[in-house]
1. Could you go through the stretch 5-13 and let me know if any residue there is under 25 Å from T170 (Cβ atoms), in contact with a Pro (Cβ under 8 Å, 6 or more places away or on another chain) and crowded, with 19+ Cβ neighbours inside 10 Å.
2. Sort out which residues of the stretch 15-29 are more than 18 Å from A85 (Cβ to Cβ) and not aliphatic (A, V, I, L, M), and write them in order of number.
3. I'd like the full set of residues that are at pLDDT 95 or above and among the small types (G, A, S), limited to the stretch 137-163.
4. Cβ-Cβ below 7 Å, separation at least six or inter-chain, first residue in the stretch 100-126 and over 27 Å from N172 (Cβ atoms) and touching a residue at least 12 places away in the same chain (Cβ under 8 Å), second part of a loop (DSSP other than H, G, I, E, B) and of a type in the set (A, V, I, L, M, F, W, C): which pairs?
5. For the stretch 124-136, which residues satisfy the criterion of being more than 16 Å from S164 (Cα to Cα) and either modelled with pLDDT of 95 or more or in a strand (DSSP E or B) (or both)?
6. Looking only at the stretch 167-180, count every residue that is modelled with pLDDT under 90 and under 11 Å from the mean Cα position of the chain (by Cα) and tell me the total.
7. Scan the stretch 32-41 and tell me whether some residue there is crowded, with 17+ Cβ neighbours inside 10 Å, touching a residue at least 40 places away in the same chain (Cβ under 8 Å) and aliphatic (A, V, I, L, M).
8. Can you run down the residue pairs with Cβ atoms below 6 Å, 6 or more apart or on separate chains, where the first is in the stretch 142-159 and more than 16 Å from V73 (Cβ to Cβ) and the partner is at pLDDT below 90?
Amino acid sequence: MKIVFATNNQNKVKEVQALLPNSIELMSLKDIECFEDIPETQETIKGNALQKANYVYDNYGFTCFADDTGLEVNALNGAPGIYSARYAGPDKNSENNIEKLLTELIHKKDRSARFKTVIALVGINEPKTFEGICKGEITTKKEGEKGFGYDPVFKPNGHTSTFSQMPLSTKNTIGHRGKAVQQLITFLKSIN
């Protein structure tokens with residue numbers, strides 16, 4: 001089965017490919033020569049995931065899944081949320097996003113947060129969505145070299161290290177995207 005993962009983020013592709021069975025060939029947007037900026041104009045994480053998956057399916061004809069992820073920080077009323085990738089500006093710079101987040105939390109005692117991923121699958125029967133949540137806290141400084149995005153400042157509940165300090169296998173097991181992908185895989189196996 002060939003499925004497009006609607007992303008150009010090769011880190012995400014590697015993360016998800018590591019979880020998929022060999023019977024599923026994962027293609028990225030680059031593989032189908034989709035180079036345009038796919039719109040993300042919805043007001044929810046789920047809405048953005050569905051919008052992206054529908055765009056690829058409607059314009060390229062491939063069964064597709066898309067994810068949207070937001071970091072929701074309690075002390076910031078759920079921000080950055082759907083604006084996580086562009087928190088510090090439209091250039092999607094992770095370093096700047098982290099800097100802004102840590103600056104806004106300097107005087108906050110409550111550093112609790114959660115990552116939320118929604119994966120939308122389009123092209124097999126009715127559209128389906130799968131949600132993964134990982135609760136944790138924002139550290140006071142960056143820790144670790146692995147991962148991407150906010151991984152260096154997010155420490156999951158029950159763990160002493162950030163996502164950036166963990167092996168990918170551990171992050172995939174406990175992380176938001178891994179949880180949503182596992183649900184997707186279970187569904188794909190059920191129809192295969």
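The values are calculated or read from the model by the stated rules, or taken from the named source; none is laboratory data. It should be emphasised that the depicted structure is a prediction, and the values quoted were computed from it without experimental measurement. Ideal geometry is used to build each Cβ from the backbone, glycine not excepted, and the neighbour counts take in all protein chains shown.
1. no
2. Correct list: Q17, P21, N22, S23, E25.
3. G158, S161
4. What qualifies is K100/A88.
5. Scanning the stretch 124-136 gives P127, K128, T129, F130, E131, G132, I133.
6. 2
7. no
8. Listed by first residue and then by second, the contacts come to F148/N11.
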